[in-house]
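Structure first, then comments.
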Amino acid sequence: MDEFESLVEKFFPYGKWRKGQKRLAKLVYDGVKEGKTVLVNYPTGTGKTIAILSGILPLALEEGLKIFYAVRTRSQLHPPLRELSRIKAKLDLRVSVLVNKQILCLLDSMKKLSYKEFIKYCSYLSTTGGCPYAVKMYPGPKQLPPLSLTKLKEYAREHKLCPYVLASLLVRDSSVIVGTYSYLFDPKVRNAFFADTGLAPREMVLVVDEAHNLPGSLVSMFSRELRIEWVRSARLEAMQIYEGERLGELVDGLQMLENFMKTLRKRFGDEKVKIEPSTIIEVSPPLSLLESAVSYVESYYFSKKVPARSYLELVYEFLSSLKMGDPRYVVESIGGEKIVNTCVSPAREVSPFFARIYGGVFMSGTLPPKRLLEFYTGIPEERIRVINMPNPFAGNVKLIGLRGISSRYVNRSEKLYQRIAEIIDELFSIQSEGILLAVFPSYNFLRNMRLKIKSTPLFMERETTTLGQVRRFIEAYPRCVIIVNAWGKVIEGVEFKLNGKNIIKTIVVGGLPVPEPSPSRDRLTELLSVFLRSPDEGWAYTYLVPAAMKVAQAIGRGVRSKEDRVFVVVLDERVKDDPVYRFLERLGYKPKFVKDPKQVLIEYLKNFQLSG
């Protein structure tokens with residue numbers, strides 16, 4: 001046993017390493033030690049989480065560093081915490097959990113506020129004695145027991161302490177912190193986090209889980225939206241509360257903005273339309289007037305001790321986010337119901353943070369290409385190291401591509417929908433058990449398919465679908481068809497399991513899930529074309545690479561362990577083109593192409609007949 005093996009064995013909580021785990025741990029250890037951000041592409045079910053933790057924990061303890069394990073949502077906290085609990089059973093390791101400060105708050109009256117309003121009220125109540133949990137004396141971190149998120153809130157309630165302050169205390173004495181993206185990537189939250197904990201980025205190793213979500217999360221974090229109902233509510237709020245001399249000007253300005261949004265809705269319907277920031281400013285109240293009104297309304301709510309959401313502040317926040325002449329931002333109307341100021345390229349906002357951390361690991365089963373991550377994060381190429389691990393489950397997937405069919409916008413028709421539906425119905429008719437998962441490019445496409453597919457029982461994802469609804473349907477109908485949007489939440493958030501076993505048997509990708517064109521996509525293409533020094537590559541990275549990632553993500557739903565086998569058919573001939581084919585090939589998936597839908601059924605029966 002060499003020196004590295006003896007190091008990681010202390011942290012690895014299982015009796016036996018899986019194939020590839022020890023190599024991954026060593027590669028991550030070496031990369032992070034050199035200050036690199038290591039990109040790890042390895043599918044779910046390979047044990048990459050524990051391998052990566054086992055690889056970087058020795059380094060963190062050697063160098064006096066802290067590991068921040070970042071996840072996108074609270075539901076994604078559980079897998080790393082589960083692995084860390086196994087390590088803790090083996091040796092003394094302090095782990096703390098951080099989520100949004102508002103989520104930790106024990107005051108029910110604070111739950112409905114926006115996060116920005118919550119922070120203001122939290123500060124106000126803490127300084128004026130209005131919060132029963134805002135006490136000055138806290139136990140030292142070493143006096144506190146290890147606390148899960150639930151136990152942390154229970155302990156805080158029992159001892160009349162603020163859960164967030166307790167969590168911050170635990171962080172100072174922890175080797176590993178598990179928290180959501182916002183703690184490190186939202187500048188205001190990040191600055192508060194480092195101020196409250198006394199930590200610094202240079203003493204941190206960052207692990208980003210499900211890193212395929214990182215670009216979209218960063219874009220969302222630095223974008224702002226304005227909904228027409230917020231403008232209407234802001235006008236009513238001003239009329240009811242504001243008593244300044246310029247009330248009439250404020251109300252008229254808000255009415256003008258609301259009318260402008262109504263006009264957009266009448267003129268363009270659901271179409272996404274680019275708007276110049278100056279046009280919105282012209283039909284809105286002056287920012288200085290809005291700022292004054294927000295301050296007045298805020299003082300009014302404070303005086304009444306009634307935490308309330310200020311719609312005037314939401315309008316002010318959006319208008320103040322508008323940037324004249326900044327090519328990284330695009331303002332677009334979406335159906336007239338809302339206007340979005342999209343941060344197409346957030347690298348300038350986050351690159352200073354990435355430059356200061358000790359090192360990092362980005363991991364996913366469908367990681368974006370290195371150049372795309374460079375574009376979104378601003379991490380320079382020389383600080384990135386790519387680890388290409390062979391996909392151990394690639395042989396469990398039979399991937400078929402059908403020629404002579406395409407879901408391009410110009411090709412979408414009743415005939416296309418009928419053709420796809422017939423293939424789904426025939427495949428499901430010979431599938432004796434389990435789920436047939438059909439994935440489509442958009443909700444509109446999904447609704448058209450619902451009218452054509454005859455198979456039952458069938459569940460269709462809607463914009464309002466909850467993950468719980470999907471799970472209950474699967475429990476009630478273990479053999480069923482589930483049709484989802486490639487860009488929806490079901491494909492990302494649901495484990496299609498019964499009794500611990502994945503029950504997806506067939507996956508139909510009904511059309512390459514290319515993102516829909518929009519003004520922000522057009523701008524992204526322009527910026528990527530400059531970054532990649534190629535207009536063709538800029539277009540491909542805007543549209544085809546995200547589509548390829550969604551196809552790979554759909555495949556990954558069917559193979560969660562070495563026991564799973566799945567038949568996948570992509571009903572779009574563009575899967576044979578670069579960069580889609582190249583992306584799938586990099587993950588170990590090599591499509592076989594057929595010309596006739598009947599050959600799809602033959603391949604299914606030959607390779608994956610379930611009764612055999």
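Rule-based calculations on the coordinates, nothing more; no lab input. Note that the structure is a prediction, hence the values are computed from the model and not measured. Cβ: placed from backbone, ideal geometry, glycine included. Neighbour counts: every protein chain shown.
Data overview
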| quantity | calculated |
| --- | --- |
| Label-point gap, in nm, between N411 and E337 - each point 7 angstrom along Cα→Cβ | 3.0 |
| FRET E, pair D270, K111, Förster distance 22 Å, beta-carbon r, rounded to 0.05 | 0.10 |
| Spacing of the two label points (7 Å from each Cα toward its C-beta) at K595 and A89, in nm | 5.8 |
| Net charge, E374 excluded, C-beta distance under 11 Å - Lys, Arg +1, Asp, Glu -1 | +1 |
| Residues with amide H under 5 Å from that of I504, placed H, sequence gap 5 or more | I435 |
| L161, L287, L98, L532 arranged by Cβ crowding within 10 Å, fewest neighbours leading | L287, L532, L161, L98 |
| Gap separating the Cα centres of the stretch 522-552 and the stretch 45-91, nearest whole Å | 33 |
| Helix-only CD estimate at 222 nm, as mean residue ellipticity for the chain, using -39500 (n - 2.57) per DSSP H run (n ≥ 4) | -14500 deg cm²/dmol |
| Karplus 3J(HN,Hα) series, Hz, for the stretch 271-287 with 6.51 cos²θ - 1.76 cosθ + 1.60 (x for Gly, Pro) | 5, 8, 10, 6, 10, 6, x, 4, 5, 5, 4, 5, 9, 10, x, x, 4 |
| Cut-off 14 Å, label 7 Å out along Cα→Cβ of Q469, residues of the stretch 476-515 by amide N | 483-485, 488-491 |
| With at most 11 neighbouring Cβ atoms within 10 Å, loop GluC sites (Glu not before Pro) (DSSP) excluded, longest segment of the chain | 35-242 |
| Theoretical gain in end-to-end length, K606 to S288 [0.36 nm per residue, Cα-Cα removed] | 107.4 nm |
| Net charge of neighbours whose Cβ lies under 10 Å from the Cβ of F593, counting Lys and Arg as +1 and Asp and Glu as -1 | +3 |
| Estimated distance in nm for a label pair at A200 and R23, the labels positioned 7 Å out from Cα along Cα-to-Cβ | 3.9 |
| Pairwise centroid distance, computed over Cα atoms, of the stretch 456-518 with the stretch 354-409, Å | 23 |
| Cα gyration tensor, the chain - rounded (a/c under 1.5), prolate or oblate | oblate |
| Cα-based Lys pair tally, the stretch 224-343, threshold under 30 Å, eight or more apart or on separate chains | 12 |
| Rounded to whole Hz, the Karplus (6.51, -1.76, 1.60) HN-Hα couplings of the stretch 574-590, x for glycine and proline | 5, 5, 7, 8, 6, x, 5, 4, 4, 5, 5, 5, 4, 8, x, 9, 10 |
| J(HN,Hα) series, the stretch 296-304, from Karplus relation 6.51 cos²θ - 1.76 cosθ + 1.60, nearest Hz, glycine and proline x | 5, 5, 4, 5, 4, 5, 4, 5, 7 |
| H159/K370 FRET efficiency (R0 41 Å; Cβ-Cβ; nearest 0.05) | 0.30 |
| Ascending count of other beta-carbon atoms within 10 Å, so fewest first, for I602, I474, I424 | I602, I474, I424 |
| Sequence-distant lysines (8 or more away, or on other chains) whose Cα lies within less than 16 Å of K606 | K398, K505, K592, K598 |
